[in-house]
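Enquirer: One structure, pasted below without further comment.
The values are calculated or read from the model by the stated rules, or taken from the named source; none is laboratory data. From a predicted model like this one, the values you see are computed outputs, not experimental measurements. Glycine gets a Cβ as well: all are built from the backbone with ideal geometry, and neighbour counts include every protein chain shown. The protein model used for the area step is the full one, side chains on, heavy atoms only, and it has no ligands, DNA or RNA in it. Shrake-Rupley method; radii C 1.70, N 1.55, O 1.52, S 1.80 Å.
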Amino acid sequence: MPKRKSPSDDEGDDFEQSEDDQPKNKTKASKATERPVTIKKPKITTSGSQSPSSSKKKSTNDNGVEVFTSSEGERYIQLGQKKRVTVREFKGKILVDIREFYGKDGEEEKPGKKGISLNPDQWASLKKSMDTIDFLFANCKK
């Protein structure tokens, strides 16, 4: 049988001490007092500030189409409750961006993943196809 090692045989090896062997510290603080207390700050709004949804500026085009301006200064046309068409420049290219936006009421809406950006050639092709699309739309079976 192999001989058992004692702690004095291998001074470099680690060995476990039982809880009884460890000195007791009665002044140790509880876990609840070790953690910092976090308090949420209340949202403070001044009477002069406007919510982002109310900062939309509205103007009317010659065709009677309402054109809005976002807080970033981009002009867009509202297609539905959360859908917009924006003409913008992205990475040096002009695009027609048809996109769904998300955000809670009273907060600033942000662009979502759902949408499409068309370059000028694609936009021209879509405009040229409008009558055909209208025809297909009217004859679509319900």
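Enquirer: Provide the net charge surrounding residue 112, with neighbours chosen by a C-beta distance below 15 Å and charges set as Lys +1, Arg +1, Asp -1, Glu -1. Don't skip to the answer; put the middle values down first.
Expert: Working: positive: 82, 83, 84, 99, 104, 110, 113, 114; negative: 97, 100, 107, 108, 109.
Every neighbour counted, the sum reads +3.
Enquirer: In this model, which of 58/128; 104/141; 113/141; 58/104; 110/141 are farther than 24 Å apart at the alpha-carbon?
Expert: Details: 58/128 29 Å; 104/141 36 Å; 113/141 30 Å; 58/104 21 Å; 110/141 35 Å.
Long pairs (Cα-Cα over 24 Å): 58/128; 104/141; 113/141; 110/141.
Enquirer: Same structure, new question: Send over a whole-number figure in Å² for the accessible area per residue of the range 57-142, probe 1.4 Å.
Expert: Details: 7190 Å² over 86 residues.
For the range 57-142, the solvent-accessible area averages 84 Å² per residue.
Enquirer: State, to one decimal in nm, how far the label point of residue 68 lies from the label point of residue 135, with both points 7 Å from Cα in the Cβ direction.
Expert: 3.5
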